[in-house]
Amino acid sequence: MKKRGIDPLLSSFLSDIGHILIVVFVVIASLGQLGIQTTSLVAVLGAAGLAVGLALQGSLSNFASGVIIIALRPFKVGDFVEAGGVSGVIEGIQIFSTSMKTGDNKAIIIPNSAITGGTITNFSAKDTRRVDLVFGIGYNDDIPMAKAILQRLVDEDERILKDPAPVIAVGELADNSVNIIVRPWTSTADYWGVYWDLTEKVKLTFDKEGISIPYPQRDVHLHQVA
């Protein structure tokens, strides 16, 4: 399967199933060569399999979920996904579970039924992603000037795509600040680099140009009583 370029996710799953089937076939064939009647043995194995299946309904559910994952292909090996309540890079799918690696290099094993029973978010499925940022400025600051600074910083970053065009607009008049939304598009591989670099550049440039990023504040009014 590797020589034919079959997806590693599918080849790993089929290899596990094939291994089990081959072992069962070899055992039965070997018993037949030794002169043991295998017809009754197969019947016994079938009955035992039914009993074991009833006792291991959870495992069978994980197996069925594994088949669903292989059939629907919501992700592939190497994708960064959020599923089963955790986030990580898919490393492989086995008969009963899926293995992930987190950003801090921890291995996580998730039952397949936990993945198919919930929402799956695949961050690697698309080639491009939108970076959603919000920067607050003071009510006394120059809004057109702040937008022009943000536009210049976005235009200077070569990783940011021209199409779709970035969006820079006043998004909210909040309690303590005027919030300006910045939504550029970039390739999925550059998402976090653009997110972190643009955040730092905006802070440094706002400080240099005299644009304030206000803290939460409260107005206190004192009334003198005669």
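The values are calculated or read from the model by the stated rules, or taken from the named source; none is laboratory data. Everything numeric here is computed off the predicted structure, so don't read it as measured data. Glycine gets a Cβ as well: all are built from the backbone with ideal geometry, and neighbour counts include every protein chain shown.
Within region 204-226, being surrounded by 10 or more Cβ atoms within 10 Å (Cβ to Cβ) and among the hydrophobic types (A, V, I, L, M, F, W, C) holds for 204, 206, 211, 213.
In region 29-53, of all residues being touching a Leu at 6+ places or on another chain (Cβ under 9 Å) and either under 30 Å from residue 112 (Cα atoms) or outside any helix (DSSP H, G or I) (or both), the one that is modelled with the lowest pLDDT corresponds to 53. Specify the residue that is surrounded by the fewest Cβ atoms within 10 Å (Cβ to Cβ); the eligible residues are those in region 171-185 that are part of a strand (DSSP E or B) and free of Cβ contacts under 8 Å to residues at least 40 places away in the same chain. Restricting to residues being part of a strand (DSSP E or B) and free of Cβ contacts under 8 Å to residues at least 40 places away in the same chain, the top hit is 173.
Among the candidates 194, 220, 182, 202, the residue that is more than 30 Å from residue 81 (Cα to Cα) and hydrophobic (A, V, I, L, M, F, W, C) is uniquely 220.
Residues are listed down the side, and each one gets a yes or a no for (1) surrounded by fewer than 14 Cβ atoms within 10 Å (Cβ to Cβ); (2) farther than 30 Å from residue 79 by Cβ:
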residue: 146; (1), (2): no, yes
residue: 156; (1), (2): yes, yes
residue: 169; (1), (2): yes, yes
residue: 187; (1), (2): no, no
residue: 196; (1), (2): yes, no
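For residue 96, the criteria (1) under 28 Å from the mean Cα position of the chain (by Cα); (2) among the aromatic types (Phe, Trp, Tyr); (3) within 30 Å of residue 201 (Cα to Cα) hold in every case but one, which is (3).
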